[in-house]
Amino acid sequence: MRVAFFSTKKYDQDFFEQTNESFDHELRFFETSLNKHTASLAEGFEAVCVFVNDALDAETISKLADFDIKLIALRCAGFNNVDLEAAAQNNIKVVRVPAYSPQAVAEHAVALILTLNRKTHKAYNRVRENNFSLEKLTGFNIYGKSVGVVGTGIIGACFAKIMLGFGCKVFAFDVKPNDELKDRGVHYVELEQLLRESDIISLHCPLNEQTHHLMDRKAFEQMKSGAMLINTGRGALIDTTAVVEALKQEKLGYLGIDVYEQESGLFFNDRSETINKDDDFLRLMSFPNVLITGHQGFFTKEALEQIAEVSLKNLSDFEAGNELKNEVKA
């Protein structure tokens, strides 16, 4: 198939071209993101391959249909940036990569916890300046703490198992409890109890109407004072205004995020020579107990290999008329 890739970096091209040797699709890579203004770049192709911050709204999809695009291939798990109803109305199939090395994201969540807790990022900078003082680097033992996992799909389940290995008491909230996790000792509770009893809370649920701003002002009021919140899921799971207020009031003790509500147009690019005009982001960066990474939770060799493999297999299945196991429907 002739496929136009959007929002690509060199690492995307490297992994996809290497993996494509086994599939033999015709791939074209664009650094620009896909939206209603750039959709014309898809002319002459049969499918588009997109990432988390490409905007596939109804207008963009209509333009893709005008260029006879038949397939939207997401090289990620999330699909909240795609108007699925518009895709269906234009007879465009949508596929995704539902799981790519879930350990990668789960382990990054743990990295955020450990870094925030033991302040290793601050210690690193001190030592480089010959400052070996331990003042204000005090952490806490993770062993024995209560950890809340919101969403126990593939990634959330991996995270829960890791925290069990740390010797934590693990609470979980999900509309579909995982029996294996129950057998391992995970306690499924209502969200309110999880918020109330957890020392550390990690978000691993999809973004939809029910979970948008799941962590709002009410949720922060229900949390333990001084608790830690980790988000490697979707940025809009957290109400940014509410979390800033919770940090200011010292209700929230730590915040570690790999995703941000307004990350589109910000993450995945070098902006070191530009002025960041996002006041909410700048407020977050001003807190000493906040750690932000730029959506790198997925960024491991194993995950990139899996993303390329599954994405290209989705294309081949569509081309061959096979069942689309990873199709997303409205």
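The values are calculated or read from the model by the stated rules, or taken from the named source; none is laboratory data. Only a predicted model underlies this, so the values are computations on that prediction, with no experimental measurement involved. Here Cβ is always computed from backbone atoms with ideal geometry, including for glycine, and neighbour counts include all displayed protein chains. SASA here: full protein model, heavy atoms, side chains in, ligands and nucleic acids out. Shrake-Rupley method; radii C 1.70, N 1.55, O 1.52, S 1.80 Å.
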The simple spin-label model distance between GLU305 and PHE132, using points 7 Å out along Cα→Cβ, in nm, is 4.1
For the chain, what does the accessible surface come to per residue with a 1.4 Å probe? Please give it in Å². 50
FRET efficiency for SER225 and THR32 from the Cβ-Cβ distance with R0 = 41 Å, rounded to 0.05, comes out at 0.35
Net charge within 12 Å of ASN231 by Cβ-Cβ distance, Lys/Arg positive one each and Asp/Glu negative one each, not counting ASN231 itself? -3
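Set the Förster distance to 25 Å, then compute FRET efficiency between GLU319 and ALA88 from the Cβ-Cβ distance, nearest 0.05.
Working: r = 20 Å, r/R0 = 0.80.
E(calc), rounded to 0.05, equals 0.80.
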In the stretch 141-157, whose amide N lies under 14 Å from the spot 7 Å out along Cα-to-Cβ of THR120? List them in ranges. 142
May I ask for the percentage of alpha-carbon pairs in the stretch 262-319 that lie more than 17 Å from each other? 59
Give me the accessible area of ILE154, 1.4 Å probe, in Å² rounded to the nearest 10. 100
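In the stretch 136-213, which GluC sites (Glu not before Pro) fall in coil by DSSP and have 11 or fewer other Cβ atoms within 10 Å? Show your work: numbers first, answer last.
Working: sites: GLU180, GLU190, GLU192, GLU197, GLU209; in loops: GLU190, GLU209.
Hits after loop and neighbour filter: GLU190, GLU209.
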What's the local net charge at MET163, with K and R +1, D and E -1, over the other residues with C-beta under 10 Å away? +3
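Can you list the GluC sites (Glu not before Pro) in the stretch 229-270 that are in a DSSP coil and have 14 or fewer other beta carbons within 10 angstrom? List each step's numbers first, then the result.
Values: sites: GLU245, GLU250, GLU261, GLU263; in loops: GLU250, GLU261, GLU263.
Qualifying residues, ordered by number: GLU250.
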Within the chain, which is the longest segment that contains none of the chymotrypsin sites (Phe, Trp or Tyr not before Pro) sitting in a DSSP loop with at most 12 other Cβ atoms within 10 Å? 144-330
5 Å binning of all Cα-Cα separations within the stretch 209-330, expressed as whole percents from 0 upward: 2, 9, 16, 17, 15, 12, 10, 9, 5, 3, 1, 0
Among ASP183, ASP57, ASP174, which one shows the highest mean-square fluctuation when the chain is modelled as a Gaussian network with alpha-carbon springs under 10 Å? ASP183
Let me check I've understood the local charge: for LEU203, count other residues with C-beta under 11 angstrom from its C-beta, Lys and Arg +1, Asp and Glu -1. What total comes out? 0
Report the gain in length on full extension from GLU209 to ASN289: 0.36 nm times residue separation, minus Cα-Cα distance, nm rounded to one decimal. 25.9 nm
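Which longest uninterrupted range of the chain lacks any trypsin sites (Lys or Arg not before Pro) assigned by DSSP to a loop state (not H, G, I, E or B) and surrounded by at most 12 other Cβ atoms within 10 Å? List each step's numbers first, then the result.
On the way: sites that count: LYS9, LYS136, ARG271, LYS277, LYS325, LYS329.
With trypsin sites (Lys or Arg not before Pro) excluded where exposed in loops, the chain gives 137-270 as its longest stretch.
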For a test of understanding, tell me how many lysine pairs in the stretch 53-183 have Cα atoms under 24 Å apart, given they are 8 or more places apart or on different chains. 16
Selection from THR152, CYS168, GLY256, by position along the positive dipole direction of the stretch 151-267 (Cβ): CYS168
In whole angstrom, the spacing between the Cα centers of the stretch 141-188 and the stretch 65-104 equals 30
Cα-based Rg and Dmax for the stretch 30-171, where Dmax is the largest Cα-Cα distance (Å): 22.0, 64
Magnitude of the Cβ-charge dipole of the stretch 1-139, K/R +1 and D/E -1, about the Cα centre, nearest 20 debye? 920
At 1.4 Å probe size, with the rest of the protein present, what percent of the exposed accessible area of the chain is carbon and sulfur atoms? 46
